[in-house]
Amino acid sequence: MKISSKKLWSLSSWTKIHHFIQCRKIVSSRGPSVAIVGSGPAGFYTAQHLLKGHSSLTVDIYEKLPVPFGLVRFGVAPDHPEVKNCINTFTQTAHNERCCFLGNVEVGKDLTVSDLTQAYTAVVLCYGASNDRQLGIPGEMLPNVLSARSFVGWYNGLPENKDLTVNLSCETAVVLGHGNVALDVARILLTPIDILKKTDITEHSLEMLSKSKVKKVLLVGRRGPLQAAFTIKELREMITLPGCRTVIYPEDVQGLDVVVKDLPRPRRRLTELLYTTAVQPPEKHRVAWANATREWILQFLRSPIAIKASTDAQCIESVHFVVNRYYRSGQGRSEVSVLKKYVLSLDSKVGDVQEKQIAVATDHTEDVLRSIGYTGIPIDDFVPFDTKRGVIQNSGGRVIGCKGLYCSGWISQGPVFVILGAMNDGFATGKAVLEDIASGVLPSGSAGGREAVMKILSQKGVRPVSFSDWEKINQAEIQLGKKNDKPREKITSVEEMLHIAAS
């Protein structure tokens, strides 16, 4: 008989649950109580604003994994440790005596949203965008056509992706998308292994990357250079990546020098860097690129329409694109249309025009990664959901038609911002909750809170992981990392996490 990981941690009695309820945290309060679902940036920033804005309010943060921090832990690239510094602030919030972290509890499975709304003054859903957007083209489900979300989870230690099948035995990889995640993926594929060894990248992915034969990565986007979604920091990192050549074709940036002066400052700086790199890169870059053994190519205005398997169906033979162009409508609005169908070689040189040709094919490739964005999924039928946009239906963070229910972060607005945006959105949602308490829309007293929920979890054999339990896991990871001169070695097994937490 298979026993679930949650049952494994139930131990012999519920004395530890009783201890969990009593330990160091306020169980009940005369003030309002708020449940937050999701312990990523949006969840912690919402909690921070609530605790700061109300002196007697208590916050319980529910997380389906035994470990906190969401995409800060599982989404930020391992070679960007400075971006993870916000974890220090989140830890301070978790140590607040009016805040309690309850990991290993999956809302939508172990608890319903209705369970929470009955127990708390307010409930804030911050569980992020945990699914992939689809291309909707033939061949998308072929082996080694991976979503960037799963690939990032694979090298960052997300338990659900630890056994992802990744084949890096080819020389060329195609990344579909022009966002920061797309550049993260390309950078991880091309970064010298000696650099990656010093990060918290998982050992299983490090081993696979050390054997990788990938020498060339194409980053292909459907829009032009003025619409690129990556930021200048990530572009600079790619341009200066050791042992790697940057290829941006001059014809793709033609005319940008004329319009650049009229662009907003962040877009102007990015566009100037794209243009200079393509047309007249600094000598130091040209010297470094001359001896490079790897390269990445930035390609614009191409939409994938099919991914073709090899004859034996064991690998991917080609990716087919159509070439797009921008034109001006009567109102001066830029729109995309198919210009002509060309047959392109892998280095993007245009071949003979084939007016009736449907596809644009690359040379033989074996890796394709889709980095076209994340999308949210509904957590409970109780919550109104916009399936087209992948977000909870809300107005200013208030869930439509559900008094006392709120949302924040990617599940509220879509995956349209990074950590700073999550902070602003979390603060805004926290403000909305406090306003509704102050105005009498929500009750100002406790509604049962954590004690009521713990009874439900007890009946189901689910024992939450406290923040002090997480700190045991954290210390175990740091100790494992020291053996390999790394900042940490992430534990990817939920069962192992629970075993350490229970020790």
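Would you mind classifying segment 192-317 by shape? Square roots of the alpha carbon gyration tensor eigenvalues, ordered a ≥ b ≥ c; an a/c under 1.5 is rounded, otherwise it is prolate if a/b is larger than b/c and oblate if not.
Oblate is the answer for segment 192-317, as a/c is 1.5 or above yet b/c matches or exceeds a/b.
Pull up all non-local amide H partners of ARG302: gap of 5 or more, or a different chain, and H-to-H distance under 5 Å with H placed in the peptide plane.
The list, which skips near neighbours in sequence, is GLY221, ARG222, ARG223, ASN324.
Hey, what did segment 215-320 get for relative contact order, percent, Cα under 8 Å, at least 6 apart?
Taking the mean separation of contacting Cα pairs over the length of segment 215-320, I get 42 percent.
How big is the gap, in Å, between the Cα center of segment 410-473 and the Cα center of segment 190-236?
34 Å
At 7 Å along the Cα-to-beta-carbon direction for both ARG268 and TYR249, put a label point, then send me their distance in nm to one decimal.
With each label placed 7 Å out from Cα toward Cβ, I get 3.0 nm.
So for SER412, SER55, what's the accessible-area order with a 1.4 Å probe, most first?
SER55, SER412
Give LYS460/LYS486; LYS84/LYS162; LYS64/LYS455; LYS84/LYS388 a once-over and call out the pairs whose C-alpha atoms are over 29 Å from each other.
LYS460/LYS486; LYS84/LYS388
Among LEU164, VAL83, ASN104, pick out the residue whose Cα is farthest towards the positive end of the charge dipole of segment 83-189, where Lys and Arg carry +1 and Asp and Glu carry -1 on C-beta, about the Cα centre.
VAL83
Could you run the Karplus curve 6.51 cos²θ - 1.76 cosθ + 1.60 with θ = phi - 60° over segment 207-220 and give me ³J(HN,Hα) per residue in whole Hz, x for Gly and Pro?
Coupling constants for segment 207-220: 5, 5, 5, 5, 9, 5, 9, 5, 10, 9, 10, 9, 9, 10 Hz.
Tally up the carbon and sulfur contribution to the accessible surface of segment 81-219 as a whole percent, 1.4 Å probe, everything protein left in place.
The C+S portion of the solvent-accessible surface of segment 81-219 is 49 percent.
Quick one: if the Förster radius is 41 Å, what FRET efficiency do ILE193 and GLN393 give, using the C-beta to C-beta distance and rounding to 0.05?
So the FRET efficiency works out to roughly 0.35.
Amide H to amide H under 5 Å from ILE36: which residues, 5+ apart in sequence or cross-chain, H placed 1.01 Å off N in plane?
ASP60, ILE61, TYR62, VAL124
PRE reach from LEU420 (point 7 Å along Cα→Cβ): which of segment 174-203 fall under 18 Å by backbone N?
Under cut-off, by backbone N: 179-181.
Can you tell me which aspartates and glutamates have their Cα less than 19 Å from the Cα of LYS213? Leave out same-chain residues fewer than eight positions away.
GLU171, ASP184, ASP194, GLU203, GLU295, GLU317, ASP347, ASP363, GLU366, ASP367
So which chymotrypsin sites (Phe, Trp or Tyr not before Pro) in segment 130-172 are both in a DSSP loop and have at most 10 other Cβ atoms within 10 Å of their Cβ?
none
Provide the gained length on full extension for the span ALA502 to LYS233, in nm with one decimal, where the gain is 0.36 nm per separating residue minus the Cα-Cα distance.
Extra length from ALA502 to LYS233 when fully extended: 92.7 nm.
Per residue, what accessible area does segment 40-164 have, given a 1.4 Å probe and all protein chains present, in Å²?
Each residue of segment 40-164 exposes 33 Å² on average to a 1.4 Å probe.
Pop the C-beta distance of ARG286 and MET208 into the FRET formula with R0 = 30 Å and round what comes out to the nearest 0.05.
The formula returns an efficiency of 0.40 here.
Ignoring any ligand, DNA or RNA, what whole percent of the accessible area of segment 426-503 comes from carbon and sulfur when the probe is 1.4 angstrom?
Result for segment 426-503: 53 percent of the exposed heavy-atom area is carbon or sulfur.
Over segment 173-331, give the accessible area per residue in Å² for a 1.4 Å probe, as an integer.
Heavy-atom SASA per residue in segment 173-331 reads 47 Å².
Check PHE385: other-chain or 5+ apart residues with amide H under 5 Å from its amide H, H built from backbone geometry?
Counting only residues 5 or more places away or on other chains, the set is GLN393.
Assign unit charges at the C-beta atoms only (+1 for Lys and Arg, -1 for Asp and Glu), then state the dipole size of segment 136-271 relative to its Cα centre in Debye, rounded to the nearest 20.
440 debye
With all protein chains present and a 1.4 Å probe, how do GLU160, GLU435, GLU295 order by accessible area, largest first?
Sorted by accessible area, descending: GLU160, GLU435, GLU295.
What shape does segment 63-159 have by the C-alpha gyration tensor, where a ≥ b ≥ c are the square roots of the eigenvalues, rounded means a/c under 1.5, and otherwise prolate means a/b greater than b/c and oblate the rest?
Judged from the Cα gyration tensor, segment 63-159 comes out oblate (a/c at least 1.5, b/c at or above a/b).
Run the quick spin-label model on GLU495 and SER56: label points 7 Å from Cα toward the beta carbon, then report their separation in nm to one decimal.
If labels sit at GLU495 and SER56, their model points lie 4.8 nm apart.
Mind running the shape call on segment 155-219? Use the C-alpha gyration tensor, a ≥ b ≥ c as the square roots of the eigenvalues: rounded below 1.5 for a/c, prolate if a/b tops b/c, oblate otherwise.
rounded
Please list GLU207, GLU63 from largest to smallest accessible area, probe radius 1.4 Å, with all protein chains kept in place.
GLU207, GLU63
With every protein chain present, what is the per residue accessible area of segment 410-503 (1.4 Å probe, Å²)?
45 Å²
The values are calculated or read from the model by the stated rules, or taken from the named source; none is laboratory data. No experiment lies behind these values; they were computed from the predicted model shown. Methodologically, a virtual Cβ is constructed for each residue, glycine included, from the backbone with ideal geometry; neighbour enumeration extends over all protein chains shown. All accessible areas refer to the heavy atoms of the entire protein, side chains included, with ligands and DNA or RNA removed. Shrake-Rupley method; radii C 1.70, N 1.55, O 1.52, S 1.80 Å.
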